[in-house]
Each structure stands twice: as structure tokens, then as C-alpha cells.
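Novice: Below is the structure I would like to discuss, written out as C-alpha cells.
No lab work stands behind these numbers, since they all come straight from the coordinates. Every value quoted in this text rests on a predicted model; they were computed, and no experiment measured them. Cβ: placed from backbone, ideal geometry, glycine included. Neighbour counts: every protein chain shown.
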Amino acid sequence: MKKQAIVVDIDNTVIDTAIRKQSILISELKKDQQEVDIQTIRTDYMLNSIIGAGKTVDRQNFLSIISSENGIRKHPAPVFDGTPEVLKKLSDEQIEIIYLTARPQILLEATLDELSNGGLPITKNNVRMLDDPCLDTQEIPKLLQNYKSSTLEDILERFDILALIGDRPEDFDAARVLNIPFILFKSTLSDNEINEMQGLGHVGFYVASSWHSIHGIVSYLKEGAMQLRKERELYSTQYSDWLGQLVSCV
């Protein structure tokens, strides 16, 4: 029997990356603080209004910094409220916590330190990362969906995934392809964007505005999975009994 797990995105899902983005924009790219208020950063995910659309110099500089170890260590970002408590509780309930991030593999040690300092349950083997950084924003959505879908397939070989938790459409698409329930942590998407995703239909789609509500959703999914497992076992037993009766009548 496979162990149950949840797969969790890192940036903008457990780590409030908007704080890091703001720090980099102000101290490294010398943007005016009023220009980079935190709400603008949260709603303008690609930062087009601040560093321009396409392959601008500011964008390339920004991506180079945020995708570096120095960018993580020099510009700390906090975990979202309630995240350590919820993930520790789920871990105590024997649910494996697997982090699936688009951060490149070269950032493993910095990422482990950041998660550990945030009080999150973490092991080196439970963080899945990209092999190389992607610095072309036009390629990011397609790359992320393919990467996350293929990684989820690998995880499914060892674990029964209760849910994927993330903040972006690419996370949702990866979960939908494999019929994995999806919990959207609402940190970067507008209500209109969320409504569009809901309209696509999915085996399980849940929206959480805080981590405090996520434990209840996962518990509900866990109970549903247990009930489904019991029904399958009952069906298997009944089918075996029927076969036995059939053989005895021959």
C-alpha cells in the first residue's frame, strides 16, 4: 500500500515571494518604493508594469538575481502565516510532504535552509527541483507544466497523492492532466482567473485564501481516499467470493 502524500509548490505558496521580489526591485534594480508596492507585485505576477514586458534589461537582471543563491540569502522572504503548523500537523498524520518547485537544482542548499528556517518539515529527498534555471519568461508557463506533470508521474509511482497545492495555472494544469485534486493557494491570481480555471472542470478543485483552511481540505480528501480504498477492497473480496462460488459449481 502506497503512503499518502501532498505535493506543495514553494514560491508564492509556502514562501511569500512577493516580499523577496520587492526587496530585489528596490535594492538591486533601484526602483522607487511607491512604484513597487506589495499589492502591485502580488497582482502583476510577471511584473510587466514594473520591469517591462518581453526580454528587457531589467527583466533579465531581475531573473538572474532571483534565480541565484545570493538572491535568496540576501533577500529573505517569510513563510505564509499558518504554513509550518499545518504542514507539521499533516506530517504527524503520516502524510508525506513533497515540495515541487521551479527553482533550479543549484539552489537546493539555499532552499533547504530557507524552508528549515521557516519551521517547515523538510528533508533533502523531498524537494524536487528543475535541473537548470529558466530565464526566459515566455517559456516559463509551458516549461513548468511539462516539468511538474512529469515529476508528478514519478511521485505517483511511490505515493498516493492526495492533492497538489500551488498558486499558478501551470500547477492546476499539471494536476488536471493526471486527475490529481488541486488546492489553489490564492496569492497571485485574480477572481476572474480563478473562475476561468474552475470552468475547465476537474476531479477536485479547491480554493484556499489561507493555510489555516488547507488542513481541513486535505483531511476531507484523505477521508475520501480511505473510503474509496475500503470500497475497492470490499469489491475485490466480493468478486473473489463470486469467482470461488463459480468454480465450485463447475
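Novice: Show me the trypsin sites (Lys or Arg not before Pro) within the range 49-79 that DSSP assigns to loop and that have at most 15 other Cβ atoms within 10 Å of their Cβ.
Specialist: LYS55
Novice: Normalised by the number of residues in the chain, what is the relative contact order in percent for Cα pairs under 8 Å and 6+ residues apart?
Specialist: Relative contact order here is 23 percent.
Novice: Stretch LEU143-GLN39 to full length: gain in nm at 0.36 nm per residue minus the Cα-Cα span?
Specialist: Here the answer is 34.8 nm.
Novice: Here is a further query. With runs of 4+ DSSP H residues as the only contributors, calculate the mean residue ellipticity of the chain at 222 nm using -39,500 (n - 2.57) per run, divided by the residue total and rounded to the nearest 500.
Specialist: The helix contribution divided over the chain gives -15500 deg cm²/dmol.
Novice: Considering only DSSP states other than H, G, I, E and B, which trypsin sites (Lys or Arg not before Pro) in the range 1-32 qualify as loop sites with at most 15 other Cβ atoms within 10 Å?
Specialist: Taking the range 1-32 and a limit of 15 other Cβ atoms within 10 Å, the loop trypsin sites (Lys or Arg not before Pro) found are LYS2, LYS30.
Novice: How large is ³J(HN,Hα), in whole Hz, for each residue of the range 177-189 in order, when computed from phi with the Karplus curve 6.51 cos²θ - 1.76 cosθ + 1.60 and θ = phi - 60°, using x for Gly and Pro?
Specialist: 4, 9, 6, 9, x, 10, 10, 8, 8, 7, 10, 10, 9
Novice: What shape does the range 52-205 have by the C-alpha gyration tensor, where a ≥ b ≥ c are the square roots of the eigenvalues, rounded means a/c under 1.5, and otherwise prolate means a/b greater than b/c and oblate the rest?
Specialist: Here the range 52-205 falls in the oblate category.
Novice: Rank TYR99, TYR147, TYR220 by mean-square fluctuation in a GNM of the chain with C-alpha springs under 10 angstrom and give only the top-ranked residue.
Specialist: TYR220
Novice: I need the fraction of alpha carbon pairs in the range 1-123 separated by more than 19 Å, rounded to a whole percent.
Specialist: 51 percent
Novice: Could you tell me what percent of the DSSP beta bridges with both partners in the chain are antiparallel, to the nearest 5?
Specialist: Antiparallel: roughly 5 percent of the beta bridges in the chain.
Novice: At a 10 angstrom cut-off on C-beta neighbours, averaged per residue, how do the peptides 156-166, 196-206, 60-70 rank from highest to lowest?
Specialist: Result, highest mean first: 156-166, 60-70, 196-206.
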